[in-house]
Amino acid sequence: MRCPMRFCSGQEAIVSSSYFFLQKNDFVLSHHRSHGYYLAKKCSLNDMISEFYGKENGSNSGLAGSQELSYI
């Protein structure tokens, strides 16, 4: 992977419970450990992994990496 990883360790309770309440049109603004929020929003796991590897088909075209992960 081309970027350092910053996992949301220790913050899983809030993130995992939000999975059941988030709607497709909801926006989530999180901090720099956003992997859990990204997955709770039901965004593509393949796009997230591609983003970590800096690929153009990543969620942010391979430009954001792990720290600034987002999906629109």
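How many residues, within segment 25-38, are in contact (Cβ under 8 Å) with a residue 24 or more places away in the chain and either assigned to a loop (DSSP other than H, G, I, E, B) or out of contact with any Phe, Trp or Tyr (no Cβ under 7 Å at 6 or more places or on another chain) (or both)?
Going through segment 25-38 one residue at a time, the tally reaches 5.
Name the residues in segment 39-65 that are in contact with a Phe, Trp or Tyr (Cβ under 6 Å, 6 or more places away or on another chain) and in a loop (DSSP other than H, G, I, E, B), would you?
Once the filter is applied, which keeps residues that are in contact with a Phe, Trp or Tyr (Cβ under 6 Å, 6 or more places away or on another chain) and in a loop (DSSP other than H, G, I, E, B), segment 39-65 yields 43, 59.
Mind counting the residues in segment 1-20 that are at pLDDT below 80 and farther than 25 Å from residue 62 by Cβ?
6
For residues that are among the aliphatic types (A, V, I, L, M) and modelled with pLDDT of 85 or more, scanning just segment 21-62, find the one that is surrounded by the most Cβ atoms within 10 Å (Cβ to Cβ). Quick ask: steps written out before the conclusion?
From segment 21-62, those among the aliphatic types (A, V, I, L, M) are 22, 28-29, 39-40, 45, 48-49; that's our starting set.
Now restrict to residues that are modelled with pLDDT of 85 or more: 45, 48-49.
Numbers: 45: 10, 48: 19, 49: 13.
Of everything passing the filter in segment 21-62, 48 is surrounded by the most Cβ atoms within 10 Å (Cβ to Cβ).
Which residue pairs have Cβ atoms closer than 6 Å, lie 6 or more positions apart in sequence or on different chains, and pair a first residue in segment 56-72 that is of a type outside the set (A, V, I, L, M, F, W, C) with a second residue that is assigned to a loop (DSSP other than H, G, I, E, B) and surrounded by 19 or more Cβ atoms within 10 Å (Cβ to Cβ)?
Hits for this filter: 71/59.
If you take the residues of segment 63-72 that are surrounded by fewer than 19 Cβ atoms within 10 Å (Cβ to Cβ) and farther than 25 Å from residue 21 by Cβ, which of them is nearest to the chain's Cα centre (by Cα)? Reasoning before the result, please.
Keep residues of segment 63-72 that are surrounded by fewer than 19 Cβ atoms within 10 Å (Cβ to Cβ), which gives 63-64, 67-68, 70-72.
Okay, now just the ones that are also farther than 25 Å from residue 21 by Cβ, so 63-64, 67.
Numbers: 63: 13, 64: 11, 67: 9 Å.
Once the filter is applied, the top-ranked residue is 67.
The values are calculated or read from the model by the stated rules, or taken from the named source; none is laboratory data. Everything quoted here is computed from the prediction, not taken from an experiment. We place every Cβ from the backbone using ideal geometry, glycine too, and count neighbours over all the protein chains shown.
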